[in-house]
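Working notes for the structure below.
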Amino acid sequence: MKAKPLSKGEVQELVVMLYLRLNGYFTTGFIVHSPEKGRNRTEIDVLGVRFPYNTEPEREVTAAGELSPSASTTDVVLVEVKSKGRELQFNSALRTSIESTRSVLRWVGLYTEVEIVGLAEKLVVALDPKGNSTEGPPSIEAPRGTRIRGLLCSPERFLRVPSDVWFISGEQIFGHISKCLRPTERRGGCAVSYNFGLWGPGLEPLVRFFKSRRRQGRGDLEELLTFLA
């Protein structure tokens, strides 16, 4: 049976997953289940964790500055992927439902139930759009050297202007992926040609897009969608 083509939203989520993976994050999606048949409370587009000692010197590329990587803190990120035209804010269930937020933190597995009660309350306040900043993502400190942050990513919005709420733009996402996968100079410990299927069926087509561009620049979402079609 022929595979169903990916929607634009699915491609954007995969691009963000690839970007985070290349920055040292373990990533997944997450569904907050509902007791009501046929429904769910909410979902996290991408849930990621990065540990403080992450490094991959063979690639000769440091982590993206916009992610503010930490050498002392375990970084837990709840990522909302936004298409162009949609408001740059976290989904309402995540920022209004304490129980949904608790479910996410329980699944992460870093915190006790007692800790989760207080952390969920702080996180809901941090994700409120009234508190959104142009300077950085909403963030709360958490036990045992961890932090929990909300990341807004919009691969389709290629540029960010100073008045925008803080988000990671398409320019930053595509630029970093391109730098990782298409080095301008040969690397001694990291070949750029290998079996791209090792990335798995979800990410392989995206990796092929970036590898195929050669001197065509970093590309953007429209070019990626055309390539996948």
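The values are calculated or read from the model by the stated rules, or taken from the named source; none is laboratory data. A quick note: this is a predicted structure, and the numbers were derived from the prediction, not measured. Here the Cβ positions follow ideal geometry from the backbone for every residue, glycine too, while neighbour counts run over all protein chains shown.
Before moving on, here are some points about what is shown:
- Yes/no for residue 175 being out of contact with any Leu (no Cβ under 9 Å at 6 or more places or on another chain) and of a type in the set (Gly, Ala, Ser): yes
- From the options 18, 47, 78, residue that is touching a helix residue (DSSP H, G or I) at 6+ places or on another chain (Cβ under 6 Å) and of a type in the set (A, V, I, L, M): 18
- Residue satisfying all of: in the stretch 104-121; touching a Pro at 6+ places or on another chain (Cβ under 9 Å) and not charged (D, E, K, R); surrounded by the fewest Cβ atoms within 10 Å (Cβ to Cβ) among these: 112
- Residue, surrounded by the most Cβ atoms within 10 Å (Cβ to Cβ), within the stretch 122-139, restricted to residues that are more than 18 Å from residue 75 (Cβ to Cβ) and aliphatic (A, V, I, L, M): 124
- Failed item, numbered, when residue 66 is tested on (1) of a type in the set (D, E, K, R); (2) farther than 15 Å from residue 151 by Cβ; (3) touching a residue at least 40 places away in the same chain (Cβ under 8 Å): (2)
- Answer from 100, 68, 139 - the residue that is at pLDDT below 95 and either among the hydroxyl-bearing types (Ser, Thr, Tyr) or within 17 Å of residue 16 (Cα to Cα) (or both): 100
- Residue 169 within 23 Å of residue 68 (Cβ to Cβ) and in contact (Cβ under 8 Å) with a residue 40 or more places away in the chain: no
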